[in-house]
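Here is the structure we will look at.
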Amino acid sequence: MKTNFTTVDEYIETFPEAVQAIMEQIRRIIKTNAPEAIESISYQIAGYKTNGKPLVYFAGYKKHIGFYATPSGHSGFAEELSKYKQGKGSVQFPLDQPVPYDLIERIVLFKLEENSVKSK
């Protein structure tokens, strides 16, 4: 599998169609709520920044989607995220369960506001 991606499109295209659809929906949520976000490949996964600061990242895996909103984006939603496997600043959404798109959207909005405040 290729590991030196230059675009998010190129990254997403390496996954099975069902996973691509999930990743594209997450991408739409980010771009709809943070149209000014700069999209890039960072750490060889999809990454977004606003005001020069990390907003969120996401990655595809064999059995889950990894979502990374740095520690603050996860701590603000600790109760809702508690049913998912987590690490510091990361959460795993299993591919065999419904993806909580509404929760992802709220986390994106939270991080967007946080980045806006930090830049002032």
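Bear in mind these aren't lab numbers, they're just calculated from the coordinates by the rules spelled out. Please read all numbers here as calculations on a predicted model, not as lab measurements. So basically every Cβ, Gly included, is an ideal-geometry build from the backbone, and we count neighbours across all protein chains shown.
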Could you check the simple spin-label distance between LYS53 and GLU17, using points 7 Å along Cα→Cβ, in nm with one decimal?
-> 4.1
Length gained, GLU79-THR7, 0.36 nm per residue minus C-alpha separation, equals 22.6 nm
Distance between Cα centroids, segment 67-120 to segment 1-28: provide it in whole Å.
-> 19
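Could you list, in their original order, any pairs among LYS31/LYS111; LYS63/LYS85; LYS53/LYS83; LYS49/LYS111; LYS31/LYS53; LYS53/LYS88 whose Cα atoms are separated by more than 20 Å?
Beyond 20 Å between Cα atoms: LYS53/LYS83.
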With θ set to phi - 60°, apply the Karplus curve 6.51 cos²θ - 1.76 cosθ + 1.60 along segment 59-64 and write out the HN-Hα couplings as whole Hz, x wherever there is a Gly or Pro.
-> 8, x, 9, 4, 10, 7
Segments 56-63, 107-114, 39-46, 83-90 sorted - mean Cβ within 10 Å per residue, highest first = 107-114, 56-63, 39-46, 83-90
Quick one: which residues, 5 or more positions from ALA46 or on another chain, have an amide H under 5 Å from its amide H? H modelled 1.01 Å from N in the peptide plane, none for Pro or chain starts.
-> PHE58
